[in-house]
1. If we scan segment 260-283, do we find a residue that is touching a residue at least 60 places away in the same chain (Cβ under 8 Å) and out of contact with any helix residue (DSSP H, G or I) (no Cβ under 9 Å at 6 or more places or on another chain)?
2. Take the conditions among the polar types (S, T, N, Q), surrounded by fewer than 20 Cβ atoms within 10 Å (Cβ to Cβ) and at pLDDT 90 or above and apply them to residue 102. Does it pass?
3. Given the criterion more than 26 Å from residue 252 (Cα to Cα), open to solvent by 70 Å² or more (accessible area, probe 1.4 Å) and in a helix (DSSP H, G or I), identify the matching residue among 23, 123, 108, 58.
4. Answer yes or no: is there a residue in segment 154-166 that is in contact with a helix residue (DSSP H, G or I) (Cβ under 8 Å, 6 or more places away or on another chain) and under 27 Å from residue 208 (Cβ atoms).
5. Filter segment 26-55 for residues that are over 26 Å from the mean Cα position of the chain (by Cα) and either without any contact (Cβ under 8 Å) to a residue 24 or more places away in the chain or open to solvent by 100 Å² or more (accessible area, probe 1.4 Å) (or both) and give the result.
6. Looking at segment 111-131, is at least one residue more than 30 Å from residue 207 (Cβ to Cβ) and either free of Cβ contacts under 8 Å to residues at least 60 places away in the same chain or among the aliphatic types (A, V, I, L, M) (or both)?
7. Out of all the residues in segment 190-218, which are crowded, with 21+ Cβ neighbours inside 10 Å and either farther than 17 Å from residue 119 by Cα or of a type in the set (D, E, K, R) (or both)?
Amino acid sequence: MSDLALSAMNAEAKRERSAAGSLRIVQTACIFVIALVIISPLFMLVIASLKDDRFQILADMGSFRAFWVSNPTLSNFAEVGNLSGELAFGRYLINSLIILASTVSAGLIVNSMAGFVLAWGSLRGRALILSLVIALYVIPQESIIMPLVIMVSRAGMTDTFAVQIVPWIASPLYIYLFYQFFAQLPKELFEAAQIDGASVFRIYRSIFLPLSLPALATVSILMGIETWNQYLWPILVTQTDYARPISVAIATFFGQDSIYWDRAMAASVLMMLPILALYLVFQRWFVSSFVGSAVKG
């Protein structure tokens with residue numbers, strides 16, 4: 001090979017490396033900008049919660065002073081963390097944790113059982129039932145809110161924890177997610193367990209459920225976020241502080257005469273922590289679930 005050809009090849013290789021380097025720089029810059037857009041409101045929220053002057057918080061909005069606090073204080077968290085009194089925000093937080101834990105725990109059991117039966121049960125008309133489940137997911141929740149309010153009112157369930165838990169345990173979306181996961185598992189597992197004399201419930205509990213950790217993590221996070229962010233339903237079915245969740249309680253800081261920005265920011269930070277902890281607990285299986293779906297797809 002001549003020196004001229006080698007020189008041309010080296011020049012081409014340098015151009016390719018330069019183009020690849022430029023592409024990596026552009027990708028890194030785009031990722032940085034996207035991360036900045038996502039993280040900056042959260043950072044501003046935390047900074048504002050450490051300021052004790054609600055008027056100063058409002059004045060700092062729209063400038064870089066919103067991202068800096070000269071004299072940080074935890075007084076806002078102390079005020080909203082009370083379990084009794086006018087600002088019994090700690091009580092609302094506990095109420096939300098009870099609703100979250102109960103709804104997610106019961107939802108995992110009910111939805112996984114329903115998905116398993118649809119995937120491996122000996123039901124007649126399974127295809128029709130599955131079609132109905134998918135069709136129910138298309139119906140928006142807002143369209144059934146008022147009939148549901150009337151039903152729970154006549155049943156005497158209003159202003160209780162049960163009225164915020166029971167209606168949202170079963171979900172067409174999560175039933176279908178479990179069905180899709182169970183249907184992808186090898187048929188030989190189910191048949192071998194049947195040959196060994198295992199009942200359908202034992203096959204579900206001892207074999208399929210331990211294998212469904214990615215699906216359980218995905219449903220836990222999605223159901224947890226949905227339950228934690230509920231606002232319309234609890235404001236319709238709760239009248240007192242007994243079972244009122246944190247999402248409704250934050251609205252009390254925004255009155256007609258004044259807005260308590262300092263307490264609202266601290267309360268928002270407290271509201272963010274439990275659902276963030278839920279994600280961190282199930283993060284590994286949640287990510288593996290999406291990676292597995294992408295590979296299979």
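1. No, every residue in segment 260-283 fails to be touching a residue at least 60 places away in the same chain (Cβ under 8 Å) and out of contact with any helix residue (DSSP H, G or I) (no Cβ under 9 Å at 6 or more places or on another chain).
2. On the way: among the polar types (S, T, N, Q): yes; surrounded by fewer than 20 Cβ atoms within 10 Å (Cβ to Cβ): yes; at pLDDT 90 or above: yes.
Answer is yes for this residue.
3. 23
4. Within segment 154-166 (the criterion being in contact with a helix residue (DSSP H, G or I) (Cβ under 8 Å, 6 or more places away or on another chain) and under 27 Å from residue 208 (Cβ atoms)), the answer is yes, since at least one residue qualifies.
5. Across segment 26-55, the qualifying residues are 26, 27, 28, 29, 52, 55.
6. Checked segment 111-131: no residue is more than 30 Å from residue 207 (Cβ to Cβ) and either free of Cβ contacts under 8 Å to residues at least 60 places away in the same chain or among the aliphatic types (A, V, I, L, M) (or both).
7. Answer for segment 190-218, where residues must be crowded, with 21+ Cβ neighbours inside 10 Å and either farther than 17 Å from residue 119 by Cα or of a type in the set (D, E, K, R) (or both): 217, 218.
Yes or no, residue by residue, for (1) open to solvent by 70 Å² or more (accessible area, probe 1.4 Å); (2) under 25 Å from the mean Cα position of the chain (by Cα); (3) at pLDDT 90 or above:
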site	(1), (2), (3)
135	no, yes, no
138	yes, yes, no
142	yes, yes, no
165	no, yes, yes
171	no, yes, yes
174	no, yes, yes
179	no, yes, yes
182	no, yes, yes
188	yes, no, no
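The values are calculated or read from the model by the stated rules, or taken from the named source; none is laboratory data. Computed from a predicted model, the values in this text were never measured in an experiment. Please note: Cβ atoms are built from the backbone with ideal geometry, for glycine as well, and neighbour counts cover all protein chains shown. To get the accessible areas, we keep the full protein, side chains included, count just its heavy atoms, and leave off ligands, DNA and RNA. Shrake-Rupley method; radii C 1.70, N 1.55, O 1.52, S 1.80 Å.
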